[in-house]
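To start, the structure itself, in C-alpha cells.
The values are calculated or read from the model by the stated rules, or taken from the named source; none is laboratory data. This one's a predicted model, so the numbers in the text were calculated from it and none came from an experiment. Every residue, glycine as well, gets a Cβ built from its backbone with ideal geometry; the counts of neighbours run over all protein chains shown. Only protein heavy atoms, including side chains, enter the accessible area calculation; ligands, DNA and RNA are left aside. Shrake-Rupley method; radii C 1.70, N 1.55, O 1.52, S 1.80 Å.
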Amino acid sequence: MSAEAATGTVTRAEYCVIACAEAWRDNGEVLASPMGLIPSLGARLAKRTFSPDLLLTDGEALIVGLDGTPEGWLPYRQHLTMVTGGKRHVMMGASQIDRFGNQNISCVGDWERPVRQLLGVRGAPVNTLNNPVSYWVPRHARRVFVERVDMVCGVGYDRAAAAGPSATRFHRVPRVVSDLGVFDFTTPDRSMRLASLHPGVTVDQVREATGFALTIADDVPYTREPTAGELRLIREVIDPTGTREREVRS
C-alpha cells in the first residue's frame, strides 16, 4: 500500500518537508542548521529516520535531542571549528539566487542606493565557503530566481571556482528546494538543474517562474513520495498543529 493510500493525500508542504529532509541524507555526524520552518521540520524528520547522527541545536549553545532535551554544550569556539571545517550543513533562505547558486539576502537594487534593504550579508559568505549550504525558497518566482543577484552574499559555484582552491575546499551547494521542485548543480558548468518536480507542478510552470534558463532533462522525475511512517511523524509528532500548511499552500 502506498503512503498516499495509507494516510490520505500528501500536501505540497509535506513534499517540501521531505525534499528538505533529503538534503541531510548520508551527512553523518554534522551540525544541521536549518533556518526557517520547513527546513527545521525537514532536519528533525531526517534525524528521526535516515540520518540519526545529525546534531541539532536549540539555536543558541545547546545540542538537543529530538524532544528538545539538552544533550550537550556547544560553546562558540567549538561552533566556529565546526563551521570552518566542513562539519556543518546549513539550509538558508534566499531573497535572490542565480543560475550558479550565488545568493542575496542583503539588498534589492544597486548596492550604493538599494531599492530595498534586507537582512544584510550576515554569515552567508563564511557559511558557503566553509561548509555545505542548501537553500529553501517558499515562493518560487522570477524576482527570486534571477539572472544575476544584485549583491553576492552566499557564494555560488562560479565565484568559488574563480577564487581558487582555498574557496572550493568545503564549498558545496547540495540542493535548492522551492514550493515547485528541487534543484541542484550537477551539470558540467555547475549551473542550476531541475532535479525533481513536486507532484502537481509542471515543467512549464517552473520555466515561467524562473528568470534564467535551467538545465531540464526530457523526463524530469517527481519528488519522492513520503513513506507512511514519515507522514505519521510529520503530522503527529513533528508538526501536529499543521504550521507547514501556512507556509506552503497546495
Consider only pairs whose beta carbons are under 8 Å apart and that are at least six residues apart or on different chains; among these, list those whose first residue lies in region 204-232 and is over 15 Å from H140 (Cβ atoms) and in contact (Cβ under 8 Å) with a residue 40 or more places away in the chain and whose second residue is of a type in the set (S, T, Y) and part of a loop (DSSP other than H, G, I, E, B).
E225/S2; G229/T49; E230/T49
Tally, over region 146-167, of residues that are in a helix (DSSP H, G or I) and of a type outside the set (K, R)
9
Show the residue pairs meeting these rules: Cβ distance below 6 Å; 6+ apart or different chains; first residue within region 168-186 and in a loop (DSSP other than H, G, I, E, B); second residue of a type in the set (D, E).
R175/D184
At pLDDT 95 or above and open to solvent by 60 Å² or more (accessible area, probe 1.4 Å): is that true of R169 in this structure?
no
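Kindly indicate whether R143 is basic (K, R), in contact with a Ser or Thr (Cβ under 9 Å, 6 or more places away or on another chain) and assigned to a loop (DSSP other than H, G, I, E, B).
Judged against the criteria, R143 is a match.
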Strands (runs of 3 or more DSSP E) wholly inside region 1-119 containing at least 1 residues that are among the β-branched types (V, I, T) and either free of Cβ contacts under 8 Å to residues at least 24 places away in the same chain or within 30 Å of S166 (Cβ to Cβ) (or both)
62-64, 88-93
Please verify whether T202 is farther than 30 Å from G68 by Cβ and either open to solvent by 20 Å² or more (accessible area, probe 1.4 Å) or out of contact with any strand residue (DSSP E or B) (no Cβ under 9 Å at 6 or more places or on another chain) (or both), treating the condition exactly as stated.
yes
Taking only region 16-60 into account, find how many residues are open to solvent by 20 Å² or more (accessible area, probe 1.4 Å), in contact with a helix residue (DSSP H, G or I) (Cβ under 7 Å, 6 or more places away or on another chain) and over 17 Å from P174 (Cβ atoms).
4
Residues of region 119-161 satisfying the condition of being of a type in the set (K, R) and either closer than 25 Å to P188 by Cα or modelled with pLDDT of 95 or more (or both)
R139, R142, R143, R148, R159
The one condition in (1) open to solvent by 10 Å² or more (accessible area, probe 1.4 Å); (2) closer than 26 Å to T215 by Cα; (3) not aromatic (F, W, Y) that V90 fails to fulfil:
(1)
Looking across region 126-142 at residues that are free of Cβ contacts under 8 Å to residues at least 60 places away in the same chain and open to solvent by 40 Å² or more (accessible area, probe 1.4 Å), the single one that is nearest to F212 (Cα to Cα) is R139
